[in-house]
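Please treat every number below as a calculation from the coordinates, not as lab data. Source: prediction; values computed, not measured. Cβ placement follows ideal geometry from the backbone for every residue including glycine, while neighbour counts extend to all protein chains displayed.
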Amino acid sequence: MFFLIKYLIRLWRRRQQPQQPAETEPEASSREPRTRARRVAPAGPSAAARGPLAVLAHELRYDLKTSLRNPRARFVTFLFPVLLLVIFNSAFGGGHTNIAGQQITLARFYVPGIMTLSIVMGSYGMLVQSITVLRETGVLKRRRATPVPPGILIAGQALTTVVTVGITVAILLAVAKVGYGIGFAPGAIAAIACTGVLATLACACVGFLVSSLIGSPEAAMPVVQATMLPLWFLSGVFIPMSNLSAGLRAVGDAFPVEHAANSLHLASVSSSFGGALDGTDLLVLAAWALGAAALAAWRFSWLPSTAKA
Amino acid sequence: MLTNNLDAAVAQRHAATSQAHDGGAEPVISIRGLHKRYGDTEAVRGIDLEIHRGEIFAFLGPNGAGKTTTVEILEGFRRATSGEVEVLGHNPWRAPGSWRERIGIVLQESEAEPGLTVRECLELYAGYYREPRDVDETLELVDLAAQDDQRASALSGGQRRRLDVALALIGDPELLFLDEPTTGFDPSARRAAWDVISGLRDLGKTVFLTTHYMEEAERLADRIAVIAAGQIVAQGTPQTLGGRQFEATQITFTPPVGASASDLPAAIAERAQPQPDGRVLLASTTVAADLHLLSGWALEWGLELDDIEVARPTLEDVYLQLTRESHDQHRS
């Protein structure tokens, strides 16, 4: 898988290269007799000189590189969800449950369930860890000391999780289809993309918020586990919601994980885009995203919390 | 270690900086009446400082003296409680993004960018600036060209610090903040870092350096300020800090066998203090005259002064005295 991604990145880079001489030439002809212009890298104007979108693409590229090279992240983000899907399907795949009035096999139930898990782990779980580590080791402070707008640094991290989660969801869809013959309608896949991006961003915002409440990198992992684990059981990830008592269902309902899972489950049984989305779920996810983002913006710190006076 | 690279860089840089240098004594940093309060504690209690273009300024002080707070205010990471702070013509707290194009920061504790190679780190940071320096040239400047393909996290401590300097230089800043750049270094890595820092002066950069090491300040700085308990307790050049130039020079020697302090020439004898180890200490403000008298006396008697030592109070002595005084004042 990683070789595939690396290959794609290489392809993309190769496509970029022929454009570069064309970019540098007008720059060269308009060069003023300043010594500074001479120092511009041979690759052309810097990302910052090409505008905010170029800086965002630049940041995303390096954040992705960092993320894909982290062996623990690779395991947790890509391999672990696939492993879980295989284990759950071989152990309990034969059973049945009901989703939106339709009887389906548990094998079909686990695909959106594990997809939800991969979204939460890939965005919330990864960000709480990586942001806490980057902050406490001074990397965030050093990046913040440069002219790059802080919003771009945040967006780079958030979009990195969108890309990695997107890859994981695609792998899960492929494994479901090839391994278990569980297919999704094209409309449903489009709906999964919508729900997935919104849920990933919502979980990313909660991740930024939670990392701002954690004082040391050692505390990040336990906090992530303690907050995620109960929700797997209360949100229709491992166990269908219909198996839970009304009280437990209400608890699960308060958190974004259940709403991501619910919409993804709908997508597993419907053939149309509209039928695979639930307005309430999308609203709740958006509300969590906005609320967490606002609180995170207020609490977020670029400086290590151990900073001396 | 990097003189060759530096020479080339300096030559290129010359045309660009000579203009800037004509600006003369215009301050790059000016601080007036700076206070910073955290809740009930006042970390900085009224600081005035001025740092000029092209100088290396060393900011000394014990831990918790307000050093890091002051630097973080200058870097725009913290807001001053009161007082005026101007860095490159802007209040750092409200400075526009373009202001950061002109400063570079080497943080006291920062780790490498995880997962990236040395070159990728520099490329990442180069993308943040509108007119970055060339990556290869910067790698050579800090002598990391041979390591460009290594993961930054695999570098040795000294190499990591040089990478930090390179990251601070990649935007081609006018002003550099170096926060304890050599803390935790072995002596040879420290020497190498000093070469890099004094090289910055030749590039025409203004450097604001904080350090614990007196030797470092003495070696590198044009001017030094000492902060203790949130206040500047002394300011000056390494030679004049704390009235060091007026302090008596200490001449120590062992009197020849059979001679005692009272046998010394009269002008010296009254100032000579016998030490517990049998040597004699002479506090002197007229070193040449005293040494002349002493050697004349020794020659006359046909004696040798084997272990004579002439020493000025070290900067460390001055510093310890200054910070101790302030600590005691604060206690009482």
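Rounded to whole numbers, the Karplus 3J(HN,Hα) couplings from phi for segment A:65-71 are 4, 4, 5, 6, 8, 8, x Hz, using 6.51 cos²θ - 1.76 cosθ + 1.60 with θ = phi - 60°, and x at Gly and Pro.
Remark: A:195, B:206 ranked as B:206, A:195, counting other beta-carbon atoms within 10 Å and listing the fewest first. Normalised by the number of residues in segment A:50-299, the average gap of Cα pairs under 8 Å and 6 or more apart makes the relative contact order 26 percent. Of A:205, A:194, the sequence from fewest to most neighbouring Cβ atoms within 10 angstrom is A:194, A:205. Across every direction, the projection of the convex hull enclosing the Cα atoms of chain B has a mean area of 22.0 nm².
Across segment B:174-234, how large is the tail of the calculated P(r) beyond 17 Å, expressed as a percent of all Cα pairs?
Counting every Cα pair in segment B:174-234, those more than 17 Å apart make up 39 percent.
The P(r) of the protein assembly as shown has a tail past 34 Å containing 56 percent of all C-alpha pairs. Between segment A:62-79 and segment B:169-227, how far is it from one alpha carbon centroid to the other, in angstrom? With segment A:62-79 and segment B:169-227 each reduced to a Cα centre, they are spaced 36 Å.
Residues whose amide H falls under 5 Å from that of residue B:280, counting only those 5 or more places apart or on a different chain, are B:253, B:254, B:275, with hydrogens built in the peptide plane. Computed across segment B:248-311, the Kirkwood radius stands at 11.6 Å (inverse of mean 1/r, all Cα pairs). Taking the Cα centre of segment B:187-332 as origin and assigning +1 to Lys and Arg Cβ atoms and -1 to Asp and Glu Cβ atoms, the resulting dipole is close to 740 debye. With helices as the sole contributors, chain B gives -10500 deg cm²/dmol at 222 nm; each DSSP H run of n ≥ 4 counts as -39500 (n - 2.57), and the sum is divided by every residue. In this Cβ point-charge picture (+1 for Lys and Arg, -1 for Asp and Glu), segment B:248-311 has a dipole of about 180 debye about its Cα centre. Give me a comma-separated list of calculated 3J(HN,Hα) values for segment B:28-42, in order, Karplus coefficients 6.51, -1.76, 1.60 applied at θ = phi - 60°, integers in Hz, x for any Gly or Pro. Result, rounded to whole Hz: 8, 10, 9, 10, 10, x, 6, 10, 9, 10, 10, x, 8, 8, 9. The equivalent ellipsoid of segment A:203-246 has semi-axes of 27, 11, 7 Å, largest first, where each one is the square root of 5 times an eigenvalue of the Cα gyration tensor. Positive-end ranking of B:64, B:224, B:142 along the dipole of segment B:3-239, with charges on Cβ about the Cα centre, is headed by B:64.
Three principal axis extents describe the C-alpha atoms of segment A:181-272; from largest down they are 46, 30, 24 Å.
Scanning chain B for GluC sites (Glu not before Pro) lying in DSSP loops with no more than 13 further Cβ atoms inside 10 Å, the longest uninterrupted stretch between such sites is B:1-269.
Shown in residue order for segment B:127-136 are the 3J(HN,Hα) couplings computed by the Karplus curve 6.51 cos²θ - 1.76 cosθ + 1.60 at θ = phi - 60°: x, 7, 10, 5, 10, x, 6, 6, 4, 4 Hz (x for Gly and Pro). For segment A:109-192, trypsin sites (Lys or Arg not before Pro) meeting the loop criterion (DSSP other than H, G, I, E, B) and having at most 16 other Cβ atoms within 10 Å: none. Placing unit charges on the Cβ atoms of the charged side chains and taking the dipole of segment B:248-311 about its Cα centre, the candidate lying farthest along the positive direction among B:257, B:305, B:291 is B:291.
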